[in-house]
Amino acid sequence: MLITVFTPAYNRAHLLPKLFESLERQTFDGFEWVVVDDGSEDNTQDVISDLAAKNETRFAVRYFRQQNGGKHRAINRGVGEAQGELFLILDSDDTLPDNSLETIAHYYNQIREDNTFGGVCGYMAHHDGTVIGRGNDDKVLDTDSISLRYKYNVEGDMCEVFRTSVLKEYMFPEIDGERFCPEALVWNRIAQKYKLRVFPEVIYYRDYLEGGLTDKIVRIRMKSPIASMMTYAELNGCRIPFLHKMKAAINYWRFRFCASSGVKPVLSWGYFWTLPLGLLLHINDLRKL
């Protein structure tokens, strides 16, 4: 089994058939579909059962249910259950181009025996074909995800497909009382050790639906301030341009004012001067609630 396609599901049963259809159209067969139901209150389990019955064993459909704890906990569970060598996160409201897994396998096989690579990375696009990421449209790059953003200036969501073994090495922290952890926290940690083969081909279709994580991300981060602070404090400590270090420090303070208890991640003393700017953003966030 080369690829685990993983879907964290929470009350999005009506969207799963479209996602499943995109898997059935794949031109590559060496994959499984793992679904972790994060405590859905709709008929997600029944929908998955019906889809699995229609699948006629072309690929394995494996369903797991757990108490609601957030996408990051679902990812941890999925990584633990995965049988694939690669791990692709496919959200319930998204789909894959027909040749997505074939393209991923093609580029991964080029670097499969090189353990300095943590996986591969392609582009995302909206369902209308508009490419989301910008900055490296014409060549293959071997680089880590931090350099991709801050050296090569690639902007917008990308589709990182990591080795499952690497994700087992860098599990998401599960903080009591918090149900969100930015994926960037783990991706940045992986970037300290592993690089990716980045190729300029679209392997993922995404639209930002009302009510999704992206739609209300600031409020979500405010409710999970420790993980948010951890992400920005660690980013501030990375080798990135000063302007981005400053922005990370401001956002650290922005969410630190939301943390009432618990052990708080520490920001470099050299950036304490950004506290007033973070406070202003925090006050503005409160006004929008």
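The values are calculated or read from the model by the stated rules, or taken from the named source; none is laboratory data. Remember, it's a predicted structure, so these values are computed and weren't measured experimentally. Please note: Cβ atoms are built from the backbone with ideal geometry, for glycine as well, and neighbour counts cover all protein chains shown. In case anyone asks, the SASA skips ligands and DNA or RNA and just uses the protein heavy atoms, side chains included. Shrake-Rupley method; radii C 1.70, N 1.55, O 1.52, S 1.80 Å.
A few comments on the model shown:
- Each residue in segment 180-215 was checked for being at pLDDT below 95, open to solvent by 40 Å² or more (accessible area, probe 1.4 Å) and part of a loop (DSSP other than H, G, I, E, B), and 5 of them qualify.
- In segment 158-174, the residues that are over 15 Å from Asp144 (Cα atoms) reach residues that are among the acidic types (Asp, Glu) and open to solvent by 10 Å² or more (accessible area, probe 1.4 Å) with C-beta atoms within less than 7 angstrom, at least six apart or across chains, in these pairs: Thr164/Glu85.
- Exactly one residue out of Asp128, Asp142, Asp114, Asp138 is in contact with a Pro (Cβ under 7 Å, 6 or more places away or on another chain) and over 22 Å from Phe6 (Cβ atoms): that is Asp138.
- Scan of segment 133-169 for residues that are open to solvent by less than 70 Å² (accessible area, probe 1.4 Å), part of a helix (DSSP H, G or I) and hydroxyl-bearing (Ser, Thr, Tyr), ordered by number: Ser145, Ser147, Tyr150, Thr164
- Hey, Leu235 closer than 30 Å to Ser260 by Cα and free of Cβ contacts under 8 Å to residues at least 24 places away in the same chain or not: no
- Residues that are of a type outside the set (Lys, Arg), over 22 Å from Phe172 (Cα atoms) and surrounded by fewer than 17 Cβ atoms within 10 Å (Cβ to Cβ) within segment 53-70 comprise Ala53, Asn55, Glu56, Thr57, Ala60, listed in sequence order.
- Criterion (out of contact with any Gly (no Cβ under 8 Å at 6 or more places or on another chain), modelled with pLDDT of 95 or more and farther than 24 Å from Glu234 by Cα) met by exactly one of Asn136, Asn68, Asn109, Asn76: Asn109
- Some residue of segment 236-248 being within 24 Å of Arg287 (Cα to Cα) and either polar (S, T, N, Q) or assigned to a loop (DSSP other than H, G, I, E, B) (or both): no
- Test: residue in segment 68-75 that is in contact with a Leu (Cβ under 7 Å, 6 or more places away or on another chain) and not charged (D, E, K, R): no
- Residue within segment 170-179 that is closer than 22 Å to Asp93 by Cβ and loosely packed, with under 14 Cβ neighbours inside 10 Å present: no
- Condition broken by Ile226, with the remaining ones in (1) in contact (Cβ under 8 Å) with a residue 40 or more places away in the chain; (2) open to solvent by 70 Å² or more (accessible area, probe 1.4 Å); (3) in a helix (DSSP H, G or I) satisfied: (2)
- Some residue of segment 20-42 being open to solvent by 40 Å² or more (accessible area, probe 1.4 Å), under 18 Å from Thr164 (Cβ atoms), in contact with an Asp or Glu (Cβ under 8 Å, 6 or more places away or on another chain) and touching a residue at least 60 places away in the same chain (Cβ under 8 Å): yes
- In segment 71-116, the residues that are in contact (Cβ under 8 Å) with a residue 40 or more places away in the chain, within 18 Å of Trp187 (Cα to Cα) and open to solvent by 10 Å² or more (accessible area, probe 1.4 Å): Lys71, Arg73, Asn76, Arg77, Gly80, Glu85, Ile89, Asp91, Thr116
- Residues that are among the aromatic types (Phe, Trp, Tyr) and farther than 17 Å from Asp94 by Cβ, drawn from segment 1-50: Phe28
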